[in-house]
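None of the figures in this text is laboratory data; all of them are computed from the coordinates on show. Note that the structure is predicted; figures quoted are calculated from it, not measured.
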Amino acid sequence: MTTSSRAVPVSSTAQKGEAPSLGSLVKELPDRVTRLVKSEVQLAKLELTTKLKAAGIGAGMLAAAAFFALVFFAVLVSAAVMGLAEVLPGWAAALIVAGVFLILAAVLALLGINKLKKGVPPVPEESIESVKADVSVVTGKDAR
């Protein structure tokens, strides 16, 4: 159902105050169905455009937030190097912080590779089985 404010024209006999005949109703049916489908498609386009525009703005804001988080992280790393430089030479402090990040990157890479191996190949096995079951029910080859 649509909430369109577009009025559907009434048949000529109904405008005169008489009940429309079955023949005139059947004659008007294709035109009314066509207009209903067109208005539903227009409503869907409008709704989709509105939602996609909001999603695009949200994605842009998330990208900006990610950029500022990256800048924050860079400043935090600099602060860690400068803090360690108070007790060690600057080059040693920078190497220690870089080493910590190298170890962190290696651990995350290994964990990521293991997770990827579990997800490959990306076949929706449960959905395939469900579709096979639906097809067998529809074709009457249901194994009971």
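Taking Cα centroids, how far is segment 69-94 from segment 110-144 in Å?
Rounded to whole Å, the Cα centres lie 49 Å apart.
Leaving out same-chain residues fewer than 8 places away, which aspartates and glutamates sit with a Cα under 19 Å from that of residue 141?
Partners found: 129.
Stokes-Einstein diffusion coefficient for segment 91-135 at 37 °C in a medium of 0.692 mPa s, Rh from the Kirkwood formula over Cα pairs: what value in µm²/s?
For the chosen part, D equals 238 µm²/s.
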